[in-house]
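Quick notes on the structure that follows.
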Amino acid sequence: MSLWSRVPNRGAVLDACKRTLRRSLPALAATVVVLALGTGLWFGYRFVTTSQRFAIAAIRVEGASQLSEDSVRAALPVKVGENIFTTDLGDVTRALRANPWIRSASAHRVLPDTLVVEIREHVASAVVQLGAELYLADDTGHPFKRAQLETGEAEKLPIVTGIDRDEMRTAPHETAELIVRALGVLTRWRGNALRPEISEIHVDAHHAITLRTYDRGVAIQLGALRELDERLTTFDAAWSELTDSERARVTALHLDARSDQVTVAFAKD
C-alpha cells in the first residue's frame, strides 16, 4: 500500500475539523464571556475608584457629645475629597476607638459621596484615685481615661478613693464592681435631699465605706454595705437632732459599729 493511500481524503479532514470546532465552541464562548466580564469589572473598578462622583463630599458624625464633631473628623484616617470606595471602614473604626472617650464606633457609606461615623461615648460617673493618678470611670466602674482637671472634666463628679492600683490591674472586673457598689451607696444617700452633699467615697481594705461631705469634709463612716438602709435611717435621726452650730462643729459620725447606733465626734473648741 502506498503512502498516499494512508492520507485521509479532504472530506474526512473537513469533517474532523468541523467536529473539533463544534466541541470547542462552548469553551471558546465561555472564555470570551470571562474575558468580557473581567474587562468590564476592571473598567468598572477603575471608574468607581477614580471618578469624582464618588469623592467624599461630607463626613457625618453622629453621637458626639463630650467630643466635638470636628475633633472626631480630625482623628480619622480619611479626608474630604478621597474616594469613598477606597476608604477602609475598618481603619476608620479603629482610629475612632483609639480615643478614650469613645466606647464603641462604627462607619458606613451613603453613596455617592457621604461617609457616616457613629460613636457611643463613655459617660463619666466618678473620679477614681489610683495611686497618685485620677481617672474618669463610667457607670460600669471601669476607669477609661486620666482626668484632666484643668479642662473641668472632673467638675461636680464624686471621687472614689482607697482603690488599690494593683488590684485594679490584676482583678479589673471585681474592682470595677466594687466601684459600682460604692457609687450605689452614693445614689442611696442622695435619695434624701436633707442629707449633706458628698464629695468623696472612701473604700478601705475591708471594703467598708466612708463618705465625706462636700463643704467641710465631715467623715460619715458607714462601714460594711450590709444594713445600709438602717444605717442611713440612723444617720437621718441623729443629723436632725443637731443644731446648725453643732453641725458646724461635727468632724465625724460613726455608724460602722451598729446600724442602730451613731457616735458623733465634734471639733474641740
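Things to note:
- Per-pair calculated FRET efficiency, R0 = 35 Å: residue 132 and residue 237 via Cβ, rounded to 0.05: 0.35
- Under the criterion of Cα pairs below 8 Å and six or more residues apart, the relative contact order for the range 174-264 equals 21 percent.
- Spin-label model, residue 248/residue 85: points 7 Å from Cα along the beta carbon direction are separated by 7.8 nm.
- For residue 56, the amide hydrogen comes within under 5 Å of the amide hydrogens of 81, 82, 83, 84, counting only partners 5 or more places away or on other chains and with H modelled in the peptide plane.
- Cα centroid separation - the range 92-157 against the range 168-183, whole Å: 19 Å
- Shown is the FRET efficiency for residue 116 and residue 156, computed with R0 = 35 Å from the Cβ-Cβ distance and rounded to the nearest 0.05: 0.60.
- Gyration tensor (alpha-carbon) shape descriptor, the range 53-121, a/c threshold 1.5: prolate
- Overall form of the range 208-247 per C-alpha gyration tensor (a/c, 1.5; a/b vs b/c): oblate
- Under 5 Å between amide hydrogens, built in the peptide plane, is the criterion, and for residue 125 it picks out 137, 138, 139 among residues at least 5 positions away or on other chains.
- Where labels lie 7 Å past Cα in the beta-carbon direction, separation of residue 169 and residue 53 in nm: 5.7 nm
- In terms of other Cβ atoms within 10 Å, 250, 110 run from fewest to most in the order 110, 250.
- A crude spin-label estimate for the pair residue 98 and residue 192, with each label 7 Å from Cα along the Cβ direction, gives 5.1 nm.
- Relative to the compact-globule estimate of 2.2 N^0.38 Å, the Cα radius of gyration of the range 111-229 comes out at 1.22.
- Once the Cβ-Cβ distance of residue 227 and residue 108 is raised to the sixth power relative to R0 = 41 Å, the FRET efficiency obtained is 0.20.
Bear in mind these aren't lab numbers, they're just calculated from the coordinates by the rules spelled out. Keep in mind the model is a prediction, meaning the values are calculated, not measured. Every residue, glycine as well, gets a Cβ built from its backbone with ideal geometry; the counts of neighbours run over all protein chains shown.
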